[in-house]
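Report on the structure given below.
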Amino acid sequence: MPNTAAPLDLLLLPTWLVPVEPAGVVLKEHGLGIRDGRIAFIGTRAEALALGAAQVRELPDTLLAPGLVNAHGHAAMTLFRGLADDLPLMTWLEQHIWPAEARWVDEAFVRDGTDLAIAEQIKGGISCFADMYFFPKVASERVHNSGIRAQIAIPILDFPIPGAASVDDSLRQAVELFGELKHHPRIKIAFGPHAPYTVGDENLEKVRVITEELDAAIHMHVHETAFEVQQSLEQRGERPLARLGRLGLLGPRFQAVHMTQVSDDDLALLVESNTSVVHCPESNLKLASGFCPVQRLWQAGVNVAVGTDGAASNNDLDLLGETRTAALLAKAVAGSATALDAHRALRMATLNGARALGLEQEIGSLEVGKAADIVAFDLSGLAQQPIYDPVSQLIYASGRDCVQHLWVGGKPLLEDRRLTRLDEQRLNATARSWGQRIGGHGH
Ligand SMILES: CSC[C@H]1O[C@@H](n2cnc3c(O)ncnc32)[C@H](O)[C@@H]1O
Ligand SMILES: [Zn+2]
């Protein structure tokens, strides 16, 4: 129970406070108090000031919201940004990305690429991200050092990958890392079978058994393209999602990334199993993978979160921009301007992301008792005036350059647009030097 009598560590006094839960609410003349890394108080300005705080911050023209949750990505792929553009998924993966990964990905690559991704995400208002990439132990060390929050999924593919000689090797590493980080306040280890077309039944069964035992999440690309579904029908006589259901993998701990193909049976399966969907509209657009029917999903009660995917298929890790794309695209796909409004879109990028990652008790909304993962958006710009609904202005008229401050667990990671723990110049130079090495070898 939060101690309501003790003074606050920090009191934030923004123009608009958008808690996300309750839905659709915008509080004015309110303050938010932080104590011991948690939200200790939300109430009127007058009440807040009466409590007393070690530090008080007036935030004029500022919208305070829960930190954004990027529910799918491959962090270290920032170093492959722009390496192979304008290609369809399987050509992109098989002929460009997988060969480049075999050539370049090692622990140093993951260290530097993940740091770059973390910095980009903090600057874009993201306080928590889901990662699925090679050398996950290295990625978790970078998350630990940087102060951000993350779910790290251990990659599982039927063939040898950088850092793991076999599925059994990956699973052994996963169980070990899971045990090591079980009590980490900001890192959650999940299992990441890559996709239905790269992991056979036998290995999926192993994933089911271990994740059930550990109560761990499963993060997987599913129904990314019509081709994936067609191929599975031809080779196995069933749709990939139905196969995952038959194998007992679906459920509230399962995160189905992409889902551009949703039949009525698929929808029923998602609903009855309480499986979350992670929507990655820009990657789906860029690789021409298809369109996720977002309105159909949320109307049926499916939890839909938002993800950027990796920087090699997007090509940025801008979740605010992604959410705008999601809101606009949902309308076009449904043929309805009400398919996804700005408030629901912000909820998808915060609380729904937290729920998909099993973190909804901890983050995703501004509620007393939750961790103080908070973003401050500066809406004072010319292009944001006038302001009738600040959430509409945030989603439809703002870019990530308006992110001014970010706190994770009450700790400031971005202050007045400056990274507090990472050296931006050094990250920039390191990324350029990787680019020269990789580009200089004709990939
Ligand atoms: C299991 S480690 C991640 C693995 O996935 C590859 N990847 C990146 N983006 C996508 C995507 O949109 N669909 C499928 N696979 C993707 C990445 O390059 C790694 O090899
Ligand atoms: Zn992906």
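Counted as membrane-span-like here are DSSP H helices of the chain whose alpha-carbon atoms extend 18 Å or more along the helix's own axis and whose Kyte-Doolittle mean is -0.5 or above; these are 107-123, 167-181, 319-334. Each label point was placed 7 Å from the Cα along the Cα-to-Cβ direction; for VAL56 and ASN274 their separation is 4.4 nm. Counting charges near LEU68 (Lys, Arg +1; Asp, Glu -1) among other residues having Cβ under 10 Å from its Cβ returns a value of -2.
Computed packing ranks the peptides 236-245, 217-226 as 217-226, 236-245, most packed first, by mean other Cβ atoms within 10 Å.
Cβ-to-Cβ counts within 10 Å put PHE254, PHE178, PHE159 in ascending order as PHE159, PHE178, PHE254, the fewest first. When the chain is described by a simple charge dipole with +1 on each Lys and Arg Cβ and -1 on each Asp and Glu Cβ, the residue from HIS183, VAL229, ALA23 located farthest towards its positive end is ALA23. Computed on segment 68-357, with alpha-carbon pairs under 8 angstrom and 6+ residues apart, the relative contact order is 21 percent.
Size descriptors for the chain (Cα atoms only): Rg and Dmax, in that order, 21.1, 68 Å.
Of the residues SER365, SER380, SER170, the one with the fewest other Cβ atoms within 10 Å heads the list, and the complete ranking is SER380, SER365, SER170. Residues whose amide H falls under 5 Å from that of GLY192, counting only those 5 or more places apart or on a different chain, are ILE154, ILE156, HIS219, with hydrogens built in the peptide plane. If the segment from THR91 to LYS28 were pulled out straight at 0.36 nm per residue, it would be longer than the present Cα-Cα gap by 17.6 nm.
Of LEU59, LEU32, LEU320, which is the most mobile in a GNM of the chain whose springs link Cα atoms less than 10 angstrom apart? Fluctuation is largest for LEU59. Listed from fewest to most Cβ neighbours within 10 Å, the set TYR396, TYR388, TYR197 follows the order TYR388, TYR396, TYR197.
Projecting the Cα positions of GLY200, SER313, PHE129 onto the charge dipole of the chain (unit charges on Cβ atoms of Lys, Arg, Asp and Glu, taken about the Cα centre) puts PHE129 furthest along the positive direction. Extending 7 Å from Cα along the Cβ direction at GLU424 and again at LYS411 yields two label points whose distance is 2.0 nm. Here segment 220-282 has an Rg and Dmax of 10.9, 30 Å, counting Cα atoms alone.
Bear in mind that the values in this text are calculations on the coordinates, not laboratory data. Computed from a predicted structure; not experimentally measured. Backbone-built Cβ (ideal geometry, glycine too); neighbour counts: all protein chains shown.
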